[in-house]
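The structure appears right after this line, and notes come after that.
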Amino acid sequence: MTEDCILKIDGVTKRFSNDLDIAERTARKLGAKIEPVTVHAVDGITLDVRKGEVLGLVGESGCGKSTLGRMVAGLTPPTDGRILYKGQNVAELKGTAARDAALRIQMIFQDPMSSLNPRLQVRDIIGEAPRVHGIVGRREMAGYVEDILAQVGLDPSTGKRYPHQFSGGQRARVGIARALAVKPDFLVCDESVAALDVSIQAQVLNLFVKLRQDFDLTYMFVSHDLGVVEHISDRIAVMYLGRLVELGDAEDLIARPNHPYTQALVSQIPTFETGKKTYQAIKGEIPSPMNPPPGCHFHPRCPFAHDRCRSEVPVLKQVAAGRMSACHLNDSAA
Amino acid sequence: MNPLLQVTDLQTHFFTRDGVAKAVDGVSFTLEKGQVLGLVGESGSGKSVTGFSILGLVDPPGRITGGQILFDGTDLVAGGEPALRHLRGKRIAMIFQDPMMTLNPVLRIDTQMVETVRAHEDVSHAEALRRAREALVQVGISPPDERLKSYPHQFSGGMRQRVAIAIALLHKPDLIIADEPTTALDVTIQAQILSELQTLCATSGTALIWITHDLAVVSGLADRLAVMYAGRIIEEGPTAEVIARPRHPYTRGLIDSVPRGKRHGAMLTQIKGMTPSLLKLPKGCKFMPRCPRADRVCEAEPSLVPLTSERSVRCFHPHDDAEEVLQP
Ligand SMILES: Nc1ncnc2c1ncn2[C@@H]1O[C@H](COP(=O)(O)OP(=O)(O)OP(=O)(O)O)[C@@H](O)[C@H]1O
Ligand SMILES: Nc1ncnc2c1ncn2[C@@H]1O[C@H](COP(=O)(O)OP(=O)(O)OP(=O)(O)O)[C@@H](O)[C@H]1O
Ligand code: SF4
Ligand code: SF4
Ligand SMILES: [Mg+2]
Ligand SMILES: [Mg+2]
């Protein structure tokens, strides 16, 4: 483990199995070949996050980004592999050490509505954890909460409202305020600025940058918006169907993507259009983590796929200084 | 011929303990069959509440206090719940910003989709299931047969959003109000969905209200763009023109804030000042405290005035038409 690595993701896998329903169980007893479906949400990811960096995490919808984020935040244990925070296995911590680690790593959830208690006023949602953990004294609490609300661009007087009384983007900012209120060291931001209009998005991103400068915060920043990810990240990790396929310096990775999937992503970054555009449907069936294709997961959609891709899994390896990629093409290019 | 939807001077207010929040305050627009209207604007500016109002889904302490919503000749405000009940889901569908407003967490997706189909059409269970499967394929959910048997919590965030879109597509409605429908979707899946919607608009004449903050997507999709601020439309016109030559200072600030081509890690341009609270709106122009062009004249209330036959703006000192912001 290197000096500046704060979080080590070591061969982490997460599988979910969807149980059979009654009809299927009966059919199975009668001899039908029905198996419970297993979802390979995250498939053997190894990755170091450095202290004080912003690591961007991108990839197709359903490729396992939130699942990886939830494991990092200690909200669900890996099926295989370990996650070490400052050298300690988060899943094995007990008592105060576990509570402390859970506070240090905060997650801002993708779905603010279902992560906020609908029966609590927003000022209590934000103030609860800092109060319970003695981060802020009782007397300073009201001012503390108002201050955080203002930082995320919400009128401090809205603290008395309940979550359903906010607009979508306002609610997303309540989720951000709640995570910031416990003064974490490590933030997992899951599509945290997706619901925000560009001006408020700029305000929140500027806040993230400032917190990082002032408090050396480390971020894992999940987003589908490559423009935003490139802007805020030091490094970018690209996932495809549960696996890490490319990792590298943010600007360089966007400028010179190595992996064909990253290339496809970068080529499709939306730009302002001056007229109506005709959007293209995806050709062929979209591979799924319920029955991932053999070999390279990307081969059914890869324009460069060849025989080896259909049978052999490409390993993630260094292809240039500071750049890792998992594609067989890097072997043939001698 | 009448437009499909004509909204005139819509007022939707929330009567809270601290005062009246005029979430929608005099919104007017029209939408033709097959047309796409992009509705953009600051968080909290009233975009979702405009959508809820059309569908009659504003809950107390909120209510529509004025205006008219004509859908295919029927006044939905005057007609109330009886007029809306058989339109909702069938001829007008809404894709909610929060997919869990559409999805029931304790029911499997197949059950929910089959119920939706059969609520408005007398078809067999098998036929309804076939339609449900087809809709999932349209939104790129794979493998459809296994996914139909899943519960909402077994989907990723973006997949839940897509299931909600699939449900809205089931009846090929005349009007879809899509509220931030692709916020969490990567570019490939987004293109897949946009392509399906474009096909639907072209073949079934479905009209679309596309509520979003994503200017890049809306610039390629919408015929017209309406920009909202503090419950009002402050600029309206053909999409390409509004994006390339915004006339209102707010629209301009919005476009300047997009993080594209800016130096990595640098601070982004943000519109100065804070979104005003709806309970303490300034007199005169609502954008005045934040506006770089404001002067004494702006202490009066500007109205939405046409600049050309195609464009209108609510501002006393609009930007010059010659000032091009974006070099596409
Ligand atoms: N509790 C669960 N039970 C079963 N399957 C699950 C569960 N949670 C996630 N999955 C599956 O795991 C896969 C990865 O989901 P995840 O939420 O991590 O994706 P994601 O990359 O965050 O996608 P999105 O961008 O759409 O949010 C998906 O196929 C999803 O259906
Ligand atoms: N139940 C309610 N009680 C009081 N105010 C409300 C209620 N629901 C919405 N509002 C207010 O109405 C305003 C408009 O909300 P709306 O949801 O339409 O915003 P929006 O433009 O969709 O924003 P976003 O982009 O953040 O989703 C907001 O300021 C919001 O706080
Ligand atoms: S390993 Fe083969 S299929 Fe996979 S990305 Fe590389 S060329 Fe394409
Ligand atoms: S009317 Fe005045 S304050 Fe309002 S946007 Fe125009 S210049 Fe700015
Ligand atoms: Mg997710
Ligand atoms: Mg909204």
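The values are calculated or read from the model by the stated rules, or taken from the named source; none is laboratory data. Note that the coordinates shown come from a computational prediction; the quantities given were computed from them, not determined experimentally. All Cβ positions, glycine included, derive from the backbone under ideal geometry; neighbour counts span all protein chains shown. What goes into the accessible areas is simple: the full protein's heavy atoms, side chains included, and nothing from ligands, DNA or RNA. Shrake-Rupley method; radii C 1.70, N 1.55, O 1.52, S 1.80 Å.
Taken over segment A:106-121, the criterion of being touching a helix residue (DSSP H, G or I) at 6+ places or on another chain (Cβ under 8 Å) and more than 14 Å from chain B (Cβ to nearest Cβ) is satisfied by A:Gln106, A:Asn117, A:Leu120.
Every listed requirement among (1) outside any helix (DSSP H, G or I); (2) away from ligand 3 (no atom under 16 Å from the Cβ); (3) not acidic (Asp, Glu) is met by A:Cys63 save one, (2). Taking the stated definitions as given, is A:Asp124 more than 18 Å from A:Val188 (Cβ to Cβ) and open to solvent by 50 Å² or more (accessible area, probe 1.4 Å)? Yes; evaluated as a whole, the condition is true for this residue. State all residues of segment A:319-334 that are at negative phi and under 23 Å from the mean Cα position of the chain (by Cα); if no residue qualifies, say none. Those that are at negative phi and under 23 Å from the mean Cα position of the chain (by Cα): A:Arg323, A:Met324, A:Ser325, A:Ala326, A:Cys327.
Counting only residues that are open to solvent by 20 Å² or more (accessible area, probe 1.4 Å) and in a loop (DSSP other than H, G, I, E, B), segment B:152-161 holds 1 of them. Considering (1) open to solvent by 20 Å² or more (accessible area, probe 1.4 Å); (2) touching a Ser or Thr at 6+ places or on another chain (Cβ under 9 Å), the lone condition that A:Gly95 does not fulfil carries the number (2). Filter segment B:89-112 down to the residues that are outside any loop (DSSP other than H, G, I, E, B) and at pLDDT 90 or above and list them by number. Correct list: B:Ile92, B:Ala93, B:Met94, B:Ile95, B:Ile109, B:Asp110, B:Thr111, B:Gln112. Hey, could you check segment A:134-150 for residues that are part of a helix (DSSP H, G or I) and more than 11 Å from every other protein chain (Cβ to nearest Cβ) and say which is farthest from B:Leu281 (Cα to Cα)? Among those that are part of a helix (DSSP H, G or I) and more than 11 Å from every other protein chain (Cβ to nearest Cβ), it is A:Met141. Elements of the type helices (runs of 4 or more DSSP H) sitting completely within segment A:157-264 and holding at least 1 residues that are away from chain B (no Cβ under 12 Å) and aliphatic (A, V, I, L, M): these cover A:168-181, A:198-215. As a summary of the residue check, A:Asp216 satisfies the conditions (1) over 18 Å from A:Arg104 (Cβ atoms); (2) surrounded by fewer than 23 Cβ atoms within 10 Å (Cβ to Cβ) except for the one numbered (1).
Please enumerate the residues belonging to segment B:194-212 that are at the interface with chain A (Cβ under 8 Å from one of its Cβ atoms) and within 15 Å of B:Val137 (Cα to Cα). Talk me through it step by step, then tell me what you get.
Going through segment B:194-212, the residues at the interface with chain A (Cβ under 8 Å from one of its Cβ atoms) turn out to be B:194-196, B:198.
B:Leu194, B:Ser195, B:Glu196 - these are the residues of segment B:194-212 that are at the interface with chain A (Cβ under 8 Å from one of its Cβ atoms) and within 15 Å of B:Val137 (Cα to Cα).
Does segment A:273-289 contain any residue that is near ligand 3 (Cβ under 8 Å from one of its atoms) and either surrounded by fewer than 16 Cβ atoms within 10 Å (Cβ to Cβ) or hydrophobic (A, V, I, L, M, F, W, C) (or both)? No, segment A:273-289 contains no residue that is near ligand 3 (Cβ under 8 Å from one of its atoms) and either surrounded by fewer than 16 Cβ atoms within 10 Å (Cβ to Cβ) or hydrophobic (A, V, I, L, M, F, W, C) (or both). For the residues B:Asp59, B:Asp9, B:Asp18, the requirement of being among the charged types (D, E, K, R) and modelled with pLDDT of 95 or more singles out B:Asp9.
Report yes if some residue within segment B:91-111 is of a type in the set (D, E, K, R) and either within 20 Å of B:Leu200 (Cβ to Cβ) or open to solvent by 60 Å² or more (accessible area, probe 1.4 Å) (or both); otherwise report no. Among the residues of segment B:91-111, at least one is of a type in the set (D, E, K, R) and either within 20 Å of B:Leu200 (Cβ to Cβ) or open to solvent by 60 Å² or more (accessible area, probe 1.4 Å) (or both), which makes the answer yes. Checking each residue in segment B:162-187 for being over 17 Å from B:Gly38 (Cβ atoms), within 11 Å of another protein chain (Cβ to nearest Cβ) and open to solvent by 10 Å² or more (accessible area, probe 1.4 Å) picks out B:Ala184, B:Val187. Per the conditions (1) free of Cβ contacts under 8 Å to residues at least 40 places away in the same chain; (2) under 19 Å from A:Ile108 (Cα atoms), the sole criterion not satisfied by A:Ile232 is (1).
Residues in segment B:222-238 that are surrounded by 24 or more Cβ atoms within 10 Å (Cβ to Cβ) and facing chain A (nearest Cβ under 9 Å): B:Ala222 only. Taking A:Gly153 as the residue in question, decide whether it is away from ligand 1 (no atom under 16 Å from the Cβ), open to solvent by less than 20 Å² (accessible area, probe 1.4 Å) and either in contact (Cβ under 8 Å) with a residue 60 or more places away in the chain or assigned to a helix (DSSP H, G or I) (or both). When the stated conditions are applied, A:Gly153 does not pass them.
For segment B:48-59, does any single residue satisfy the condition of being open to solvent by less than 50 Å² (accessible area, probe 1.4 Å) and in a strand (DSSP E or B)? The answer is no; no qualifying residue exists.
Scanning segment A:273-301 for residues that are among the hydrophobic types (A, V, I, L, M, F, W, C) and within 13 Å of chain B (Cβ to nearest Cβ), we see that the one that is farthest from ligand 6 (Cβ to nearest atom) is A:Phe298. Picking from residues in segment B:122-151 that are within 11 Å of ligand 1 (Cβ to nearest atom) and out of contact with any Ser or Thr (no Cβ under 7 Å at 6 or more places or on another chain), the one that is most open to solvent (accessible area, probe 1.4 Å) is B:Tyr151. Among the residues of segment A:237-247, is any under 30 Å from B:Lys149 (Cα atoms) and surrounded by fewer than 18 Cβ atoms within 10 Å (Cβ to Cβ)? So far as segment A:237-247 goes, no, none of its residues is under 30 Å from B:Lys149 (Cα atoms) and surrounded by fewer than 18 Cβ atoms within 10 Å (Cβ to Cβ). Selection of segment A:262-304 for residues being away from ligand 1 (no atom under 16 Å from the Cβ) and of a type in the set (D, E, K, R) yields A:Glu273, A:Lys276, A:Lys277, A:Lys283, A:Arg301. So is A:Lys51 surrounded by 22 or more Cβ atoms within 10 Å (Cβ to Cβ) and charged (D, E, K, R) or not? Criteria not met by A:Lys51. Quick one: count up the residues across segment B:120-144 that are in a helix (DSSP H, G or I) and in contact with a helix residue (DSSP H, G or I) (Cβ under 7 Å, 6 or more places away or on another chain). Summing the residues that are in a helix (DSSP H, G or I) and in contact with a helix residue (DSSP H, G or I) (Cβ under 7 Å, 6 or more places away or on another chain) in segment B:120-144 gives 11. Among the residues making up segment A:45-67, those that are more than 22 Å from B:Thr182 (Cβ to Cβ) and either of a type in the set (Lys, Arg) or under 11 Å from the mean Cα position of the chain (by Cα) (or both) are A:Arg50, A:Lys51, A:Leu55.
Being under 27 Å from A:Val209 (Cα atoms) and in contact with a strand residue (DSSP E or B) (Cβ under 8 Å, 6 or more places away or on another chain) narrows it down to one residue among A:Gly11, A:Gly52; which is it? From the options A:Gly11, A:Gly52, the qualifying one is A:Gly52.
Scanning segment A:58-84 for residues that are away from ligand 5 (no atom under 16 Å from the Cβ) and either under 28 Å from B:Phe155 (Cβ atoms) or within 12 Å of chain B (Cβ to nearest Cβ) (or both) returns A:Gly74, A:Pro77, A:Pro78, A:Thr79, A:Asp80, A:Gly81, A:Arg82, A:Ile83.
When we screen B:Gly67, B:Gly51 for residues that are more than 16 Å from ligand 5 (Cβ to nearest atom), within 30 Å of A:Val58 (Cβ to Cβ) and modelled with pLDDT of 95 or more, the only hit is B:Gly51. Of the residues in segment A:193-205, at least one is buried (at least 20 other Cβ atoms within 10 Å of the Cβ) and more than 16 Å from ligand 2 (Cβ to nearest atom).
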